[in-house]
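Okay, structure first, notes after.
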Amino acid sequence: MHVPRPAVFFLLCMSLPACQRDGRDARPSEEDYPRVVLSEIFRIGDEEAGDTVLFGGIDGLAVNATGQFFVGDNSSKVISVFSPDGVLMGTFGSPGNGPGEFGSIRSVLVGRNDSIYVFDSARDVLSIFAPETWAFEGSVKIVDNDSAGDPSNVIGIADMGPIVQYQFHISSGNLDQDRFVVTAQTNWAGTMVRSLARLPDEERLIFMSQEGGLALREVPFARRPTARFTPSGKLFSGWNETISIAITSVDGETLGSVQKNHAPIPVTAAEQDAIVNPDEFGSIHEVKPAYKTFIVDDKDQVWLKGELQGEAPTAEWLILDASGKVVGRTELPAKVTLRAIRSGRAYGSIEAESFFAPSVIPRVVVYSVDMGHTTPGTTDTP
């Protein structure tokens, strides 16, 4: 039976502020950027090193005011609690649909007074746990929104309520629709109060398979959105076609943006040749995204993970202040993604970058951060 060539639904960058270039700040030499030292303190989950704590996956990492940190594992459906020295203090949660149980751990957060929040994306439920005993204290059902879609993640906790991301589920009836991720303030009843950011969804190839079901393929060098909510109560959101990250208050007020020109990295001929069935995509990006992802530290500085050049074993992280000025840079192993930076420490994870990537043993890595030196940071191989 003849199967039509699958249609390509690229989520192209619209005329959004986060997608527009400006002409500010001619790029200085890389050597002019101050070096930040990240020195590994410990890692968790390395069976070869004798660790007894192993992760099936790292699905959320949060740090409280005392330096304790919480790691969600969607494989085991538990939250592991570690001391500032990396010693396992205990676990809470279990698989299930009851109070304090999880069907699917999507994110782990620490809110005011160090209460712990875990979002279960299987049930759209945000569970709340006591800061010291980790006892279950209650939950919030996050409600669907007609204009924004279904809740896909909770990325922060504000006084008014959770900061929630929404998007519509993909179905055979909406393949040709533009797809967006809406980040919004909700209340403690789980209802959207106001939209704070709206960005295109990750670029993906979506098509009907020969069996008649929906199938997905990752787009090479895909553009994607990132949104982070900071302890200071600000939302940072951007689309990684360019370095232009909007800053928004929980009241919806635009507070500015972090912008920086960058020199695009071309896609090499070898990388082009490695793409499987390139004709399916219609067109392939000729340059890589401006960055892979970003996080925001406890000083509201943006840490951008750069795109890799070829098979480089390390990736550069640029640290930008609110004006877009580079205040530091460091290098880390390419497989490390930073999850949180708080009180002079950086918390990262080593894991597969996507469901389709080769298997990688998940591990947590904790670094000390020294902004005052100029020698290169650690580049130990994971």
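A few remarks follow.
- Residues located in the range 54-77, provided they are over 20 Å from the mean Cα position of the chain (by Cα) and open to solvent by 30 Å² or more (accessible area, probe 1.4 Å): LEU54, ALA65, THR66, GLN68, SER76
- Qualifying positions in the range 81-100 - of a type in the set (Ser, Thr, Tyr) and part of a loop (DSSP other than H, G, I, E, B): SER83, SER94
The values are calculated or read from the model by the stated rules, or taken from the named source; none is laboratory data. Predicted, not measured: the structure shown is a model, and the values here were computed from it. With ligands, DNA and RNA removed, areas are computed over all heavy atoms of the protein, side chains included. Shrake-Rupley method; radii C 1.70, N 1.55, O 1.52, S 1.80 Å.
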